[in-house]
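Quick notes on the structure that follows.
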Amino acid sequence: YGPLPGRAADAWIKPYFLQDYRIFAPDPASADRNLWVRAWVQTPEGERVETKWVDVTAIELAEPYRRVLRKQLTVIGAEQLMTSYNKLTPEQKTVVGENFHNSADLADLNEALLDADDGNPGDVRSFIRATNYTTSYATQAAQALWSDDGEVLAVQTRAVYSPVVRWDDRFDPDAQRPASSYTELGWRPTLEWSQQSTDAFARTFLHWAEAAGVSGSLTDDEGEEG
């Protein structure tokens, strides 16, 4: 089929129904893909707290049955965010590193990206779509973890790629994993949608968090990355 039907089909097929044989290929998937989240929380005493980073992918995968799925929600988010981030120009990456948490939505970020330079508008749309996805998930995760401590004012996300030891070096006991790479994004407004159930998400997510050994404390050193 032609380019237009193909793009239309991709919007329906990816990412949930896409078949991927890389696990069997000579060049299998070479990195763990994780989504990290943190938040600004306004406590009842008026203090604004920057929470710890939480690896929400590790939380989602704490339940064994979640690991057999083709695509976990947070892995999808991390992949989309990293892929679209890497397509931005240097000027646009500077823009996305800035804070837009005082905006009502992502419209101001979208406009700033389009004004940054002559980058591809399609790449901007892809990045905004990925940011919408990850910011919405981050909002629900932050509400689940920290809403008892105060008001969640803004969230920050980070897609983290952690390469595994190269396939050719898999039997080398001295082989070291390469350094991780990650997106560098500023703070974003919380995003909630009318058809979401914040309570239902929190019940499930906190069950996973307990299985992963992650508490809802605002700032501590448990499993701290970075």
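The values are calculated or read from the model by the stated rules, or taken from the named source; none is laboratory data. This structure is a prediction, so every number in the text was calculated from the model and none was measured. With ideal geometry, Cβ positions are generated from the backbone for all residues, glycine too; neighbour counts draw on all protein chains shown. We work out accessible area using only protein heavy atoms, side chains counted, and drop any ligands, DNA or RNA first. Shrake-Rupley method; radii C 1.70, N 1.55, O 1.52, S 1.80 Å.
Can you tell me how segment 87-226 classifies by the Cα gyration tensor, rounded, prolate or oblate, using a/c under 1.5 as the rounded cut? Don't skip to the answer; put the middle values down first.
On the way: a/c = 2.14, a/b = 1.05, b/c = 2.04.
Oblate is the answer for segment 87-226, as a/c is 1.5 or above yet b/c matches or exceeds a/b.
Using the alpha carbon gyration tensor of segment 126-195, what are the three equivalent-ellipsoid semi-axes (square root of 5 times each eigenvalue), largest first, in whole Å?
Working: eigenvalues 240, 42, 22 Å².
Three semi-axes, in Å: 35, 14, 10.
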Convert each backbone phi in segment 112-125 into a coupling constant with the Karplus relation 6.51 cos²θ - 1.76 cosθ + 1.60 (shift: θ = phi - 60°), then list the ³J(HN,Hα) values in order as whole Hz, x for Gly and Pro.
5, 5, 5, 7, 5, 6, 9, x, 5, x, x, 5, 5, 4
With the other protein chains left in place, how much accessible area per residue, in square angstrom, belongs to segment 86-226 at a 1.4 angstrom probe?
56 Å²
Once Lys52, Lys87, Lys93 are ranked on solvent-accessible area with the largest value leading and a 1.4 Å probe, the list reads Lys87, Lys93, Lys52
Give me a comma-separated list of calculated 3J(HN,Hα) values for segment 48-64, in order, Karplus coefficients 6.51, -1.76, 1.60 applied at θ = phi - 60°, integers in Hz, x for any Gly or Pro.
9, 10, 8, 6, 5, 6, 10, 7, 6, 5, 4, 5, 4, 8, 5, 7, x
Could you check the spin-label model distance between Thr43 and Glu210? Points 7 Å from the Cα along Cα→Cβ, value in nm.
2.6 nm
So for Thr51, Thr204, what's the accessible-area order with a 1.4 Å probe, most first?
Thr204, Thr51
With every protein chain kept in place and a 1.4 Å probe, the residues Leu61, Leu81, Leu206 fall, from largest accessible area down, as Leu206, Leu61, Leu81
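Beta carbons within 10 angstrom, averaged per residue: use that to sort the peptides 183-189, 129-135, highest first.
On the way: 183-189: 19.3, 129-135: 21.9.
Going by the mean number of other Cβ atoms within 10 Å, highest first, we get 129-135, 183-189.
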Taking every alpha carbon pair in segment 103-162 and sorting the distances into 5 angstrom bins from 0 up to the bin holding the longest one, the percent per bin comes out as 4, 16, 22, 20, 17, 11, 6, 3, 1
